[in-house]
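Visitor: The structure is given below, and queries will be raised subsequently.
The values are calculated or read from the model by the stated rules, or taken from the named source; none is laboratory data. Given the structure is predicted, the values throughout are model-derived calculations rather than measurements. No Cβ is skipped: glycine too gets one built from the backbone with ideal geometry, and neighbour counts run over all protein chains shown. When the accessible area is computed, the model is the full protein with side chains, heavy atoms only, and any ligands, DNA or RNA have been set aside. Shrake-Rupley method; radii C 1.70, N 1.55, O 1.52, S 1.80 Å.
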Amino acid sequence: MTDVQVRTTTTLEVGGMGHSVKRKEDPRFIRGKGEYIDDLNLPGQLWMDIVRSPYAHAKILGIDASEALKIPGVLAVVTGADLEKAGLHWMPTLAGDKQMVLPTHTVMYQAQEVAAVVATDRYIAADGVAAVLVDYEPLPVIVDPKKALEPGAQVLRPDRGPEKANNHIWHWESGDRAAADAALAKADVRVAEDIYIPRIHVASIETCGCIADWDAVNGHLTLHMTSQAPHAIRTVLALVSGLPEHKIRVKTHDIGGGFGGKVPVYPGYVLAVVASLTTGKPVKWIEDRSENLQADSFARDYHIHAELGATKEGRITSLKVKTIADHGYTDAAADPSKFPAGLFNVITGSYDFPDAFVEVDGVYTNKPPGGVAYRCSFRVTEAVHAIERMVDILAHEIGKDPAQLRMENFIQPEQFPYKTPTGWEYDSGNYPVALRKAMDMIGYEDLRREQAEKRARGELMGIGISSFTEIVGAGPSHTFDILGIKMFDSCEIRVHPTGKVMARIGVQTQGQGHETTFAQIIAEELGFPVADIAIEYGDTDTAPYGLGTYASRSTPVAGAATAIAARKIRDKARLLAAHLLEANPDDLEWGSGAFSVKGSPDKKKTIQEIAFAAYTNHPQGMEAGLEAVDYYDPPNLTFPFGSYICVVDIDRGTGQVKVRRFVAVDDCGNIINPMIVDGQIHGGLTMGFAPALYEEIAYDELGNNLNGTFMDYLLPTAVETPAWETGKTITPSPHHPIGAKGVGESATVGAPPAIANAVVDALWHLGVRNIDIPMTPQKVWRILNEKGVAL
Amino acid sequence: MIPPRFDYARPASLDEALQLLASREGEAKVLAGGFSLLPLMKYRLAQPGLLVDIGRVAGLDAIEEVDGELRIGARATHGAIAGHPLVAARYPLIREAAGGIGDPQIRNWGTIGGSCAHADPASDWPAVIQALRGSFVCRSLGRERVVAARGFFLDVFTTGIEPTEVLTQVRVPRPGPRSGGAYVKLERRTGDFATVGVAAQVQLGADGRIAEVGLGLTAVADAPFAAGDAEDALRGALPTAEKFREAGLAAARQARPTEDRHGPVDYKLTMVRVMTERALRLATERAQANG
Amino acid sequence: MSTIHVSVTVNGERREADVEPRLLLVHLLRDTFGLTGTHIGCDSSNCGACTVHVDGMSAKSCTMLAVQVDGREVRTIEGMADGAALHPLQQAFWDQHGLQCGFCTPGMIMQAAWLLEQNAAPSEGEIREGIAGNLCRCTGYVNIVKAIQQAADTLRAVDAPAEPATAG
């Protein structure tokens, strides 16, 4: 990375903050010794596979399992009617809606679960699925949320009762409508645009799966599963099943990527539990890729109308946004309960202006549940895409360089903490420095000259900027909960007598490297070498309760809990050291993993010596042991930011967009591990690049998913993925114990508008104002053709 | 994704394979590399009763020049073809096409014969072999016939091969001096099936005019085809941008694409023209350099 | 159910099993032989998580039948390290942070190993083309490319110990 100096206070051997410590989890992965869910098999285990609907909306007239049950090894076929007897055919979603486990009468989207086949073997279960005959009567399908809102549209969810005889789920708004209207009316310049952000799918390379293991003798259920939030799953399971929560153990193993897709409770998990309860044996369910792409929860699907007002010089004065959110047939989003549209009202972005109003309406359609993340904090990508597109449109509209317009509208460093017109308090930031750095890295002014020369020759080259502000680390308990559970997170640290450390955290890694970075936080705070610190997570029997890993909340929340728990240990260590050194605690100073007497550096006790004393020589009146727990309730969210600049060339013959260069300058506050931070940014950028140019889950008018395999859902390969160029600025969070902000998702949030802005920048002179992502060759060619510049 | 049950046989000789195909006519399929057939079986879109694995039949993977033509054993993999010195030296069109099929692992195992016999409407080889005016050797019990590639590809997944036949060899005439070939493929992403693929083989005369030309197109009809009208337009003409455009338009008139995730019909027709122009330009440059 | 006896040399060790003809190689390795380092990420031979070597050629084991490898040699990620000593590619993926969730990693390493056997000094472009059949969702490929470059340097140094080291 092109770099700022990352501060370190420990040696590389200790490996505290700022060191690029090699990952502690890697030795097992590089040897093929990771343990992912499908690597685990239990004695006596059965297999479950799922019959799915070919129709997006249909009545189930009958299910005939007789042929399936004739197959040797097929043990049971579970249908909605079976579940209904136990009241298990519906389950609550994390958003407070409800979702079918299996339908009793009507299927609501293509690939919805219709029946579960339990068999002795993976292959036989698949044969059983093929042999189950389901008689459907197709019903009219609604795929367009705008049509779903029209008067007289068929009501997709009659179960909500006669008082909700429409497809409108909720209305949510933020800001001051009257003030925004007034400011817009007074604006010299108004730009408005419709921006659609399509459905996309996280498509982690590992799909979802579980093994449900019911122990009838002890009345105990263990659910081994792919979950980003095991504790929340345990609580939901207890509420749904009626099993006592202390008799439920949710255990994750290694997880092959999450990105938000492993937060929800899918019917498959519940069906495996039912199958295990029924058979008394462990039951394994592993999704295949088509099931994953067709039936798991989706992200985005936001129809945004935005209007920006400004002075004629380009000073932004106001923003108004109206959005329709397609949630599919149920609202199964994993947003905090007071935020049905997530943190979408961070849409005022990095800019200082007084008036804004945002409203969102959630709508049902015949699609699988939408509204989970795709590597982004609750709806922040949608917000950033809209504001960064609108700012670019404004710049082009008034003929001002988009970088210059951003510089003139940025919230300035001295304005922090900054209160936004929609109510957020940004903790810190330095936006001009990040943008200037990105411009210098990429050679912005030279690129503009090159662009002018190329345009004169008829070549299409574009430069796009995105100067985003993220909002992560949910969140303060006064505002943030999911199903009533506050969004704190936790860490428990135990120091063993020989100076080795075990820490357990309430968050769950899916590749972020928690076993390394959380050890580094403890190493920083207590001076134990990273090699002596083990981090555990993902077992609800042992780890402290936490809401899990998503929305870039691990470091902001559980990372803070870890630092605070370590500091509690250090406080006790001070008392122990004072006892050992026969000194007053206040006369001791901490440094390099030891307490020493002020002015007498030779009189010191190392943390290892102190740990031993905690079990062998603690003072009378003090509890033995050296351990601490912290449940951290963040005082505010954190606000990572960055500026990205992208250069594209467009093939006038085919409409293909090539990203020639991409510079990303990120600021995530203090950095725990620069190597891991860069890795997170590389991955995040690629998951921003992907929906900008390739990925989309589209439906035809019958509700058929057109991208249900990796042959049509196009994850970028190494060939087209740009060689990312990264840089940093460091603006520590003032309220976070270690000044960190979270970084896993910044790049996914920030990258798409940079690419979209670059493509539009290449075409603005032809009269192009907006192109919705993904900017596929066929879509871009259509525009080139309309504008008469296609070859 | 689990394939349905089937019987499996791994004959040691071609005759044994042909006997198996004859005895289970209609329900037996030949398994070569498997990279075309097995995905269809996993999705249960193909359910053969018997797979005849010719993976161990000797003598089906040779690559050699005989009587002025290149003979490629049906079981030669895309990768082996792309890396073969003979191909590299004299058949740049074949090398270019072979090196761009699928991805490296698919090229390691996917075979030219399997790909041609499978006849996916978006596969690369059928366009290339037609552009080169090649032919296929088909064997059944006691009979061997050589079938021209042009006319062999009939429909989606349908060729002139009989259920009791095995495609054993692909033959391509050796190009002479002042010839050049190019395969250009428009993909949505690396490794994707083509949106449009165009194979061009240009033979220039001593006067610099196009003496002969072959144009094969894939992914824009129910079966890959040779663009005969475009070839007619080019034959005898000077290789100019205008002429290439005229040929591209002629090729587009012959194409019958359908709308799918790669794009609507008008886009695909335009891409036929654009990619045909590019293939011709590249092939001509190579022919000019091959004086 | 009719089964076929297969005998396969896996990581240098002869393994036998009676299998259904339809058993996929990846399931033979994972479920029958317990070698779970080879992963399944898609159904359509796109993702490459299941990449192993069959007779020295990299292959997607989800698109190959167990019966097809009867009598052949298979190498998986579990066969890469020599006891405690990591293969240079394993070491390089660790050193260069070439993995995050680790799920694509075994397939990526196996494909890279095949690539380096074909081309001992690949350019960045050749490396990217060489792993075009292996999808990674976490790393953005940057550090995977670096890791393969590091391993290429290491392997060349091993093969030609007389040459001065050029790694920087």
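Visitor: Please work out how many pairs of lysine residues in chain B are eight or more positions apart (or on different chains) and have Cα atoms closer than 24 angstrom.
Guide: 4
Visitor: Which value in nm describes the separation of the simple spin-label points at A:T8 and A:A624, placed 7 Å from the Cα toward the beta carbon?
Guide: About 3.8 nm separates the two model spin labels.
Visitor: Next question. Taking DSSP loops as anything outside H, G, I, E and B, show the longest stretch in chain A free of GluC sites (Glu not before Pro) there with at most 11 other beta carbons within 10 Å.
Guide: Numbers: sites that count: A:E13, A:E313, A:E582, A:E623, A:E701.
By the stated rule (loop sites, at most 11 other Cβ atoms within 10 Å), A:14-312.
Visitor: Still on this structure, please answer the following. At 1.4 Å probe size, with every protein chain present, just tell me what the per residue accessible area of the protein assembly as shown comes to in Å².
Guide: Accessible surface, normalised per residue, equals 33 Å².
Visitor: Further question on the same structure: In nm, to one decimal, how far is the A:R457 label point from the C:E117 one, both placed 7 Å along Cα→Cβ?
Guide: Taking the two extended label points, one gets 4.5 nm.
Visitor: Which residues, if any, in the range A:109-139 lose at least 40 square angstrom of accessible heavy-atom surface (probe 1.4 Å) when the other protein chains sit next to their chain rather than the chain being alone?
Guide: For the range A:109-139, once contacts with the other chains are taken into account, A:R122, A:Y123, A:D127 lose 40 Å² or more.
Visitor: Testing the spin-label approximation: label points 7 Å from Cα along Cα→Cβ at B:E285 and C:E126. State their distance in nm.
Guide: Distance between the two pseudo-spin positions: 2.3 nm.
Visitor: Could you give the size of the charge dipole of the protein assembly as shown about its Cα centre, using +1 on the Cβ of each K and R and -1 on the Cβ of each D and E, expressed in debye and rounded to the nearest 20?
Guide: For this selection, approximately 1160 debye.
Visitor: Put +1 on the Cβ of each Lys and Arg and -1 on the Cβ of each Asp and Glu in the range A:4-44; which of A:H19, A:F29, A:T9 then has its Cα farthest toward the positive end of the dipole?
Guide: Value computed over the given set: A:T9.
Visitor: Mind checking which aspartates and glutamates have their Cα closer than 13 Å to the Cα of A:K400? Skip sequence neighbours fewer than 8 apart in that chain.
Guide: Partners found: A:E313, A:D392, A:E408, A:D761.
Visitor: Assuming a viscosity of 0.890 mPa s and a temperature of 25 °C, what translational diffusion coefficient in µm² per second does Stokes-Einstein assign to the range C:4-79, Rh being the Kirkwood radius over Cα pairs?
Guide: The diffusion coefficient I find is 206 µm²/s.
Visitor: Membrane-span-like helices in chain B: DSSP H runs reaching 18 Å or more (Cα, own axis), mean Kyte hydropathy at least -0.5? Could the numbers behind the result be given before it?
Guide: Working: long enough: B:241-254 (20 Å, -0.59); B:265-289 (36 Å, -0.17).
Flagged H segments are B:265-289.
Visitor: How big is the Cα convex hull of the range A:235-345 in projection, averaged over all directions, in nm²? All intermediate terms of the calculation are to be shown ahead of the outcome.
Guide: Numbers: hull surface 44.0 nm².
One quarter of the hull surface, i.e. the mean projection, equals 11.0 nm².
Visitor: Using the structure shown, select from A:K24/C:K146; A:K147/A:K787; A:K262/A:K568; A:K312/A:K437; A:K24/A:K741 the pairs with a Cα to Cα distance greater than 25 angstrom.
Guide: A:K147/A:K787; A:K262/A:K568; A:K312/A:K437
Visitor: Quick one: Cα centre-to-centre distance for the range A:732-791 and the range B:62-95, in angstrom?
Guide: First find each Cα centre; the distance between them is then 44 Å.
Visitor: Using 1/(1 + (r/R0)^6) with R0 = 41 angstrom and r between the beta carbons of A:E245 and A:E701, what's the FRET efficiency to the nearest 0.05?
Guide: 0.35
Visitor: Under 8 Å for C-alpha pairs, at least 6 residues apart: give me the relative contact order for chain B, rounded to a whole percent.
Guide: Relative contact order of chain B: 16 percent.
Visitor: Quick one: of the DSSP bridges fully inside the range C:4-79, what percent are antiparallel, nearest 5?
Guide: Values: 14 of 16 bridges.
So the antiparallel bridges in the range C:4-79 amount to around 90 percent.
Visitor: Calculate the length of the line joining the C-alpha centroid of the range A:677-724 to that of the range B:246-285, in whole Å.
Guide: Spelled out, the Cα-based centre of one part sits 26 Å from the other.
Visitor: Estimate the FRET efficiency between B:T158 and B:Q47 by the formula 1/(1 + (r/R0)^6), using the beta-carbon distance for r and 22 Å for R0, to the nearest 0.05. Please report the intermediate quantities before stating the final value.
Guide: Working: r = 17 Å, r/R0 = 0.78.
So the FRET efficiency works out to roughly 0.80.
Visitor: Provide, in order from the shortest bin, the percent of all Cα-Cα pairs of the range A:720-789 in each 10 Å bin, continuing until the bin that contains the maximum pair distance.
Guide: All Cα pairs considered, the percentages come to 15, 36, 23, 16, 8, 2.
Visitor: So how long is each side of chain B along the principal axes, counting just the alpha-carbon atoms, biggest first, in Å?
Guide: Projected onto the principal axes, the Cα atoms of chain B cover 57, 44, 31 Å.
Visitor: For the range C:88-159, what log10 I(q)/I(0) values come out of the Debye formula at q = 0.14, 0.21, 0.26 1/Å, with one point per alpha carbon and no solvent?
Guide: So the normalised log intensities work out to -0.34, -0.79, -1.24.
Visitor: I need the calculated FRET efficiency for the pair A:N41 and A:L69, taking r as the beta carbon distance and R₀ as 25 Å, to the nearest 0.05.
Guide: With R0 = 25 Å, the Cβ-Cβ based efficiency is 0.50.
Visitor: Calculated from DSSP H runs of 4 or more alone, at -39500 (n - 2.57) each and per residue, what is the 222 nm mean residue ellipticity of chain A, nearest 500?
Guide: -8500 deg cm²/dmol
Visitor: What is the interface area between chains C and A, defined as buried accessible area summed over both chains with a 1.4 Å probe, reported in Å² to the nearest 100?
Guide: Between C and A, the summed buried area is about 4300 Å².
Visitor: State, to one decimal in nm², a quarter of the convex hull surface area for the C-alpha atoms of chain A, i.e. the direction-averaged projected area.
Guide: On the way: hull surface 144.9 nm².
Its average projected convex-hull area is 36.2 nm².
Visitor: With a 1.4 Å probe and every protein chain kept in, tell me what percent of the accessible surface of the range C:4-79 is carbon plus sulfur.
Guide: Percent of accessible area from carbon and sulfur atoms in the range C:4-79: 41.
Visitor: Let me check against my output: what whole-number percent is the relative contact order of chain A, with C-alpha pairs under 8 Å and at least 6 apart? Write out the running numbers ahead of the final one.
Guide: Working: 2031 pairs, mean separation 129.6, N = 791.
Contact order relative to length: 16 percent.
Visitor: In degrees from 0 to 90, rounded to the nearest 10, what is the angle of the helix C:142-159 Cα long axis to the longest principal axis of chain C?
Guide: 80 degrees
Visitor: Straight-line reach from A:K85: which lysines have a Cα under 28 Å away, not including same-chain ones fewer than 8 places off?
Guide: The qualifying lysines are A:K59, A:K70, A:K98, A:K164, A:K247, A:K281, A:K284, A:K367.
Visitor: What is the list of residues in the range A:719-751 whose amide nitrogen lies under 19 Å from a point 7 angstrom out from the Cα of A:E450, following Cα to Cβ?
Guide: Within reach of a label on A:E450: A:720-727.
Visitor: If you don't mind, there's one more thing I want to ask. Roughly how far apart, in whole Å, are the Cα centres of the range A:443-488 and the range B:149-172?
Guide: Using only Cα atoms to place each centre, the spacing works out to 52 Å.
Visitor: Roughly speaking, to the nearest percent, how much of chain B's 1.4 Å accessible area is carbon and sulfur?
Guide: 49 percent
Visitor: I would also like to ask the following. Got a number for carbon plus sulfur as a percent of the range C:88-159's accessible area, 1.4 Å probe?
Guide: 50 percent
Visitor: Taking chain C as the reference, fit the longest principal axis to its C-alpha atoms, fit the long axis of helix C:105-118 to the helix C-alpha atoms, and give the angle between the two in degrees, 0 to 90, nearest 10.
Guide: 70 degrees
Visitor: When the Kirkwood hydrodynamic radius is evaluated over all pairs of different C-alpha atoms of the range B:29-124, what value in angstrom, to one decimal, is obtained?
Guide: 13.9 Å
Visitor: Net charge around C:M80, counting only other residues with Cβ within less than 12 Å of its Cβ (Lys, Arg = +1; Asp, Glu = -1)? Let's see the in-between values first.
Guide: On the way: positive: A:R31, A:K33, C:R75; negative: C:E78, C:D82.
Spelling it out: positives minus negatives among the neighbours equals +1.
Visitor: Something else now. Per the helix-only calculation at 222 nm, which mean residue ellipticity applies to chain B, given -39500 (n - 2.57) for every DSSP H run of n ≥ 4 and division by its residues, nearest 500 deg cm²/dmol?
Guide: Calculated at 222 nm, the ellipticity per residue is -9500 deg cm²/dmol.
Visitor: Largest first and to the nearest Å, give the Cα extent of chain C along each principal axis.
Guide: Result for chain C: principal-axis Cα extents of 59, 34, 25 Å.
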